[in-house]
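Novice: Provided herewith is a single structure, encoded as structure tokens, for subsequent inquiry.
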Amino acid sequence: MASSLSALGWADTWGGMVGSATADREPHPGEQAVVANANTTQSGDITRLWCKLVLPMIRTSSPYRTYLPRAGYPILVWVTLFPNPCEQTPRTPQDKSPVEAPVPPAPAPTTNTAPERLDPEPSREEEVAVTPEDETVGETTAGSSLFPPVTGPPLGPTVDQVPLLPRLPKPNCNPSLSVGSPTKGELQCGVPLPPSAPGLRSNPIRPNPRAGYGTAHLVRALLHAAKTVAEIYPNSTLWVHDISHRRGGWISHHRSHRAGRDVDVMFYLLDDHGHPRQSKAIPIGPDGRGTDYGDLLDPTDDIPVQFDVPRTWAFLQALAQDPRTWIHRVFIAEHIRTQLLEHAAAVQAPQRAVDQIAHVTCQPANPHDDHMHIRFYCSPEDIDAGCLDTWPVYPWHQRRLARLGKTSNPAPAPRPRPARPKRAFNPQDLPPMHESVREFLEQRHQWASKPHPGRRYCP
């Protein structure tokens with residue numbers, strides 16, 4: 001521990017101050033013991049202050065970390081690379097033992113010996129005022145000390161005397177709140193999606209592993225719809241990817257997902273034999289088929305998959321028929337939307353649910369042919385907290401809010417971005433891959449452009 005503190009430059013500081021008085025002369029053995037005891041006492045106090053207060057603030061996600069300056073991160077790197085004084089249990093003030101001065105060599109036997117001390121606990125003045133004759137009194141053995149511990153007031157404040165910072169009060173987390181718009185918002189008191197639930201799994205290897213928080217309305221809607229599908233089609237599992245961070249805000253790989261109301265959901269998939277398989281972000285073509293490419297250079301590890309239209313439609317229908325779920329948008333590729341609505345017409349699904357899904361589904365600039373991006377409206381509590389809904393606000397949602405005495409807060413229109421010339425697709429620019437992958441990418445380029453079907457809510 002002493003070597004670690006010396007490396008950090010703490011142990012030598014107090015010793016230099018105490019020992020400055022003896023710089024002009026040779027220090028007396030009694031003074032050496034006082035200085036050594038001062039070094040150990042002060043360095044031990046600083047070590048306990050570091051281990052109990054500073055280091056937990058850096059290594060944990062406590063509220064203090066919010067106010068931790070950037071200087072704390074170099075300190076964290078330092079204690080990782082160099083010996084850690086916290087690895088040994090620091091001594092408490094009750095466990096402190098006197099620092100033993102080095103034992104001088106045994107003197108030659110003399111006939112002039114001083115009388116033996118009778119008082120077992122000499123005063124502090126007697127400890128320092130030591131005569132040359134006292135240095136040769138008695139016999140010393142290894143592990144014994146010539147001088148008793150230093151008494152008197154402490155040399156500095158101990159850890160128990162240092163006041164701790166007050167804990168920050170937790171915000172009122174009932175209910176969760178979505179504030180702002182999906183692209184410029186935040187999430188307060190986010191609700192974590194369970195890693196596993198009936199008919200649902202939260203993907204641990206999602207693009208953002210910590211983006212598993214959403215509003216209470218979103219989490220409840222996912223759990224209810226996934227359970228409904230599992231009851232209709234046994235052994236069904238809905239795989240959920242990114243939602244939002246615990247406090248919302250910026251998230252990599254997404255322009256939205258900042259307010260806890262956006263979620264990426266994988267399609268239900270089948271293997272080549274028609275059996276349910278684990279969902280992945282696999283692009284689905286207009287024929288309802290896709291390929292799970294492993295090594296792009298090795299065609300032998302390609303696994304064909306099929307789009308499971310019945311189960312995917314059952315999930316969307318469960319969302320549409322839940323009166324507590326307010327769907328705003330379902331971003332999906334146009335040919336995927338067509339397959340879902342054709343299946344709904346074939347099974348004679350409820351017309352109200354079919355009309356709602358037909359209005360809310362739309363293909364954005366990014367085709368979304370390998371997953372669904374679902375966005376929910378602001379709840380009444382979110383509206384009171386400053387939640388902003390983007391266009392469109394459907395007539396049935398306006399009537400729903402009117403019954404509750406609420407009105408939607410429209411988000412400001414996004415600033416127009418300068419038009420960028422589209423780069424022509426050139427297969428020669430692709431990295432090395434086998435021929436079947438190149439053929440698929442050329443086909444995908446045909447439906448990747450944003451369509452303009454001319455629908456009312458999807459121009």
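The values are calculated or read from the model by the stated rules, or taken from the named source; none is laboratory data. Model, not experiment: these values are computed from the prediction. Reconstructed Cβ throughout: ideal geometry from the backbone, glycine too, with neighbour counts over all protein chains shown.
Novice: Taking region 236-256, which residues are modelled with pLDDT under 90 and in a loop (DSSP other than H, G, I, E, B)?
Specialist: Asp242, His245, Arg246, Arg247, Gly249, Trp250, Ile251, Ser252, His253, His254, Arg255, Ser256 - these are the residues of region 236-256 that are modelled with pLDDT under 90 and in a loop (DSSP other than H, G, I, E, B).
Novice: Output the number of residues of region 307-344 satisfying the condition of being farther than 12 Å from Met372 by Cα and out of contact with any Leu (no Cβ under 8 Å at 6 or more places or on another chain).
Specialist: 20
Novice: Counting only residues that are surrounded by fewer than 20 Cβ atoms within 10 Å (Cβ to Cβ) and among the aliphatic types (A, V, I, L, M), which one in region 350-371 is modelled with the lowest pLDDT?
Specialist: Ala365
Novice: Just to be sure before I move on: is Ala211 in a helix (DSSP H, G or I), in the same structural domain as Gln321 (by TED's automatic domain parsing) and not acidic (Asp, Glu) in the structure I sent? It would help to see each step written out before you state the result.
Specialist: On the way: in a helix (DSSP H, G or I): no; in the same structural domain as Gln321 (by TED's automatic domain parsing): yes; not acidic (Asp, Glu): yes.
Spelling it out, it is not the case that Ala211 is in a helix (DSSP H, G or I), in the same structural domain as Gln321 (by TED's automatic domain parsing) and not acidic (Asp, Glu).
Novice: Identify all residues within region 435-459 that are outside any helix (DSSP H, G or I), of a type in the set (D, E, K, R) and surrounded by 11 or more Cβ atoms within 10 Å (Cβ to Cβ); write none if there are none.
Specialist: In the first step, residues of region 435-459 are kept if they are outside any helix (DSSP H, G or I); the result is 449-459.
Checking which are of a type in the set (D, E, K, R) leaves us with 450, 455-456.
Lys450, Arg455, listed by residue number.
Novice: What is the one condition in (1) under 18 Å from His397 (Cα atoms); (2) assigned to a helix (DSSP H, G or I) that Ile374 does not satisfy?
Specialist: Result: Ile374 passes all but (2).
Novice: Let me ask something additional. So in region 302-316, with the set limited to residues that are of a type outside the set (A, V, I, L, M, F, W, C) and not in a loop (DSSP other than H, G, I, E, B), which one is modelled with the lowest pLDDT? Working first, answer last.
Specialist: Our first condition is that a residue be of a type outside the set (A, V, I, L, M, F, W, C); within region 302-316, this holds for 302, 304, 306, 308, 310-312.
The next check asks that each one be not in a loop (DSSP other than H, G, I, E, B); those that pass are 304, 306, 310-312.
Details: Pro304: 93, Gln306: 96, Pro310: 97, Arg311: 97, Thr312: 97.
Per the stated criteria, the residue is Pro304.
Novice: Of a type in the set (A, V, I, L, M), in contact (Cβ under 8 Å) with a residue 60 or more places away in the chain and over 26 Å from Met266 (Cβ atoms) - does that describe any residue in region 384-402?
Specialist: Of all residues in region 384-402, those of a type in the set (A, V, I, L, M) come to 385, 388, 393, 401-402.
Those still in the list that are in contact (Cβ under 8 Å) with a residue 60 or more places away in the chain too: 385, 388.
Applying the additional criterion that residues be over 26 Å from Met266 (Cβ atoms) yields 385, 388.
The answer is yes, given that some residue of region 384-402 is of a type in the set (A, V, I, L, M), in contact (Cβ under 8 Å) with a residue 60 or more places away in the chain and over 26 Å from Met266 (Cβ atoms).
Novice: Can you pull out every residue in region 332-383 that is of a type in the set (Gly, Ala, Ser) and touching a Cys at 6+ places or on another chain (Cβ under 8 Å)? Before you say what the answer is, go through the steps one by one.
Specialist: Pass one, region 332-383, residues of a type in the set (Gly, Ala, Ser): 333, 344-346, 349, 353, 358, 365, 379.
Residue satisfying the conditions is Ser379 alone.
Novice: Taking the condition of being charged (D, E, K, R) and free of Cβ contacts under 8 Å to residues at least 40 places away in the same chain, how many residues in region 335-370 meet it?
Specialist: The first filter runs over region 335-370 and keeps only residues charged (D, E, K, R), leaving 337, 342, 352, 355, 369-370.
Within this subset, residues satisfying the condition of being free of Cβ contacts under 8 Å to residues at least 40 places away in the same chain are 337, 342, 352, 355.
Residues flagged as charged (D, E, K, R) and free of Cβ contacts under 8 Å to residues at least 40 places away in the same chain within region 335-370 amount to 4.
Novice: Looking at region 157-175, can you tell me whether even one residue there is in contact with a His (Cβ under 9 Å, 6 or more places away or on another chain) and at pLDDT 85 or above?
Specialist: Initially, region 157-175 is screened for residues in contact with a His (Cβ under 9 Å, 6 or more places away or on another chain), giving 175.
Within this subset, residues satisfying the condition of being at pLDDT 85 or above are none.
No: zero hits.
Novice: On to the next question. Return yes when Pro192 is assigned by TED's automatic domain parsing to the domain that holds Leu441, under 19 Å from the mean Cα position of the chain (by Cα), surrounded by fewer than 23 Cβ atoms within 10 Å (Cβ to Cβ) and under 26 Å from Asn366 (Cα atoms) and no when it is not. Step through it out loud before you land on a result.
Specialist: Values: assigned by TED's automatic domain parsing to the domain that holds Leu441: yes; under 19 Å from the mean Cα position of the chain (by Cα): yes; surrounded by fewer than 23 Cβ atoms within 10 Å (Cβ to Cβ): yes; under 26 Å from Asn366 (Cα atoms): no.
No: the conditions fail for Pro192.
Novice: Now for a separate question. So, of the residues in region 196-221 that are of a type in the set (Lys, Arg) and modelled with pLDDT under 85, which turns out to be nearest to Ala320 (Cα to Cα)? Before the answer, list the steps.
Specialist: Looking only at region 196-221, we keep the residues that are of a type in the set (Lys, Arg), and these are 201, 206, 210, 220.
If we keep only those that are modelled with pLDDT under 85 too, we end up with 206, 210.
Numbers: Arg206: 26, Arg210: 28 Å.
Filtering first and then ranking leaves Arg206.
Novice: I need a count of the residues in region 309-319 that are surrounded by fewer than 22 Cβ atoms within 10 Å (Cβ to Cβ) and within 15 Å of Asp355 (Cα to Cα).
Specialist: 1
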